[in-house]
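The values are calculated or read from the model by the stated rules, or taken from the named source; none is laboratory data. Only a predicted model underlies this, so the values are computations on that prediction, with no experimental measurement involved. Ideal geometry is used to build each Cβ from the backbone, glycine not excepted, and the neighbour counts take in all protein chains shown.
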Number of protein chains: 2
Amino acid sequence: MKVVIIGIGLIGGSIALDIKRLHPNAEIAGIDNREEHLDRALELGLIDCKTTVETLNEADWVIVSVPVNTAVKLLPEVLDRIGDQTIVMDVGSTKNPICEAVQNHPKRRNFIAMHPIAGTEFSGPQAAVPGLFQDKTNIICEVEKTAFLLQEKALSLLVSMGMRIRYMEPKSHDRHIAYVSHLSHISAFMLGKTVIEKEKNERDIFDMAGSGFESTVRLAKSSPAMWTPIFQQNKTQVVETLEEYIANLVHFKELLQNDDYEAIFNEMESVNKIREILNGIGIKK
Amino acid sequence: MKVVIIGIGLIGGSIALDIKRLHPNAEIAGIDNREEHLDRALELGLIDCKTTVETLNEADWVIVSVPVNTAVKLLPEVLDRIGDQTIVMDVGSTKNPICEAVQNHPKRRNFIAMHPIAGTEFSGPQAAVPGLFQDKTNIICEVEKTAFLLQEKALSLLVSMGMRIRYMEPKSHDRHIAYVSHLSHISAFMLGKTVIEKEKNERDIFDMAGSGFESTVRLAKSSPAMWTPIFQQNKTQVVETLEEYIANLVHFKELLQNDDYEAIFNEMESVNKIREILNGIGIKK
């Protein structure tokens, strides 16, 4: 079993760890535009060797885990180079631009468009962790465009990694994920910005910030190189979510300015049901 | 050592657990306007008995851990009733209204105004946890208004609970805490609201929301009964932080609408330094 992972960071590296665990004889080769990532991935045992796109025709599996702006350019080239039975999977956080980029490719049937909803705020090969995908949702888009046999093989691997598979149209995926993921990131980044701007003396943040702030702002540690192209590709949906979020914040502020504390209480109480929803996520884990 | 805890929830209950651990012979009595909280606190062994404000004159310590709107009304009455050597401490998340409420009280010297920055999104006696305050910051306001001997006794107890003590003016406390705590809560509540409104089918949130969303929205589980009076008492500061936060979100949205991805990248990169600040919080733990 020959695997090539293009982009050996948090997600690519974690997939490598799972494949090694499940298929000890698999040979995993890495491609990355940052040589130091490849060296680190070798040291960490995520990959067995470095390779180049010239060897893709020999691969059984190609995992493309690169920023989404790179993915749309790279995927057609990857499909150009692979063998007839090679399975190519991407893991990007936007699905519509990626599905469009390959829709007319003669090897479209070798491709699985997916988004495993798993990760941390860290990046690079050192961020890879075994079992990252256990009980995590993986959304596959346009599964009907992948060849039957390759669908079956891919599903078998993904399920063995512990993933819960769901199917969705690319546009629906991008619309929903804007709410439950992209907006959370902007919310955290702008919260971090607001506090940093105000608290020029970082010692004050350091001393007064508790675990609540830490939790709310955690995603502001995320990689701008990964997230800028996600916001770019999902611009329309992200702008819409931001407008709704801003409108809700403005409304809350106005309630406060009008001393309408009964309404403020009710706002918060109605959002409290997020508890049950999050407990649901907890059970899923 | 006789201790009375008024408001036996997350904070009051956790203080009770620490006092029991540090002073096994302490007698801890509870007062709460919710009888079921007192019963639960007895069951959980947080308190030894129920009591009433009539017994406050016999107490060595009185811990007032009630919503801040109750605290401003209750504290003068508590001070009216205590003995000469009783130490009264409050734990509210706003400090200026509380300090003002007792500033001219003849027993002001028996009072310590403090804010231990510790907690979880849960509430009630069942949310109490031992060691909650270990390595957590506790901000004491107007310490110079407390009698020397009582300052010394209080500090000794608080330090033995593992708290890191900092001193601050009440107004500064309220201004800073609006950024690092109050704003985080509103940000989380409105994020939760935005997502719930959009995703009428909760199953979609359940399935697509990952740990990032969970972390960012965690504080939206918090108690409206506790938080409404905090926002009310710190209204001016909270409105100011909200205005800055909203302005930053609007700016980010405009960058996106103008396709200025270089600026978006730079915005996020400059906030990434929150990593080091949060690592600081981590070290503190």
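Observations on the model:
- Selection count where residues are surrounded by fewer than 20 Cβ atoms within 10 Å (Cβ to Cβ) and within 21 Å of B:Glu152 (Cα to Cα), scope region B:53-72: 3
- Selected residue (criterion: farthest from the other protein chains (Cβ to nearest Cβ)) from residues of region B:108-128 that are over 10 Å from the mean Cα position of the chain (by Cα) and aliphatic (A, V, I, L, M): B:Ile112
- Filter result for the condition that a residue is more than 7 Å from chain B (Cβ to nearest Cβ), at pLDDT below 95, assigned to a helix (DSSP H, G or I) and over 16 Å from the mean Cα position of the chain (by Cα), over A:Glu254, A:Glu276: A:Glu276
- Residues within region A:7-24 that are outside any helix (DSSP H, G or I), of a type in the set (A, V, I, L, M) and either free of Cβ contacts under 8 Å to residues at least 40 places away in the same chain or over 20 Å from A:Met226 (Cβ atoms) (or both), tallied: 0
- Verdict on B:Thr120 being surrounded by fewer than 22 Cβ atoms within 10 Å (Cβ to Cβ), among the β-branched types (Val, Ile, Thr), assigned by TED's automatic domain parsing to the domain that holds B:Gly45 and not in a helix (DSSP H, G or I): yes
- Residue within region A:170-178 that is over 28 Å from A:Ile8 (Cα atoms), touching a helix residue (DSSP H, G or I) at 6+ places or on another chain (Cβ under 7 Å) and within 13 Å of chain B (Cβ to nearest Cβ) present: no
- Flag for A:Val195 being touching a residue at least 12 places away in the same chain (Cβ under 8 Å) and farther than 30 Å from A:Cys141 by Cα: yes
- Enumeration of residues in region A:73-91 that are in contact (Cβ under 8 Å) with a residue 40 or more places away in the chain and surrounded by 21 or more Cβ atoms within 10 Å (Cβ to Cβ): A:Val78, A:Ile87, A:Met89, A:Val91
Per-residue answers, yes or no, for (1) touching a residue at least 24 places away in the same chain (Cβ under 8 Å); (2) assigned to a helix (DSSP H, G or I); (3) assigned by TED's automatic domain parsing to the domain that holds A:Ser14:
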| site | (1), (2), (3) |
| --- | --- |
| A:His37 | yes, yes, yes |
| A:Leu42 | no, yes, yes |
| A:Gly45 | yes, no, yes |
| A:Asn57 | yes, yes, yes |
| A:Ala71 | yes, yes, yes |
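- Scanning region B:229-251 for residues that are touching a residue at least 40 places away in the same chain (Cβ under 8 Å) and in a helix (DSSP H, G or I) turns up B:Pro229, B:Ile230, B:Phe231, B:Gln232, B:Gln233, B:Gln237, B:Val238, B:Glu240, B:Thr241, B:Leu242, B:Tyr245.
- The residue that is modelled with the highest pLDDT, among those in region B:121-150 that are among the acidic types (Asp, Glu) and on the phi < 0 side of the Ramachandran plot, is B:Glu144.
- Options B:Ser184, B:Ser172; residue that is part of a helix (DSSP H, G or I) and closer than 30 Å to A:Thr94 by Cβ: B:Ser184
- Of note, B:Glu142 does not satisfy the criterion of being over 30 Å from A:Pro116 (Cβ atoms), free of Cβ contacts under 8 Å to residues at least 24 places away in the same chain and surrounded by fewer than 23 Cβ atoms within 10 Å (Cβ to Cβ).
- In the set B:Val217, B:Val195, B:Val180, only one residue is buried (at least 21 other Cβ atoms within 10 Å of the Cβ), touching a Leu at 6+ places or on another chain (Cβ under 6 Å), at pLDDT below 95 and under 22 Å from B:Thr120 (Cβ atoms); that residue is B:Val217.
- The residue of region A:218-251 that is farthest from B:Arg218 (Cα to Cα), among those that are more than 7 Å from chain B (Cβ to nearest Cβ) and small (Gly, Ala, Ser), is A:Ala225.
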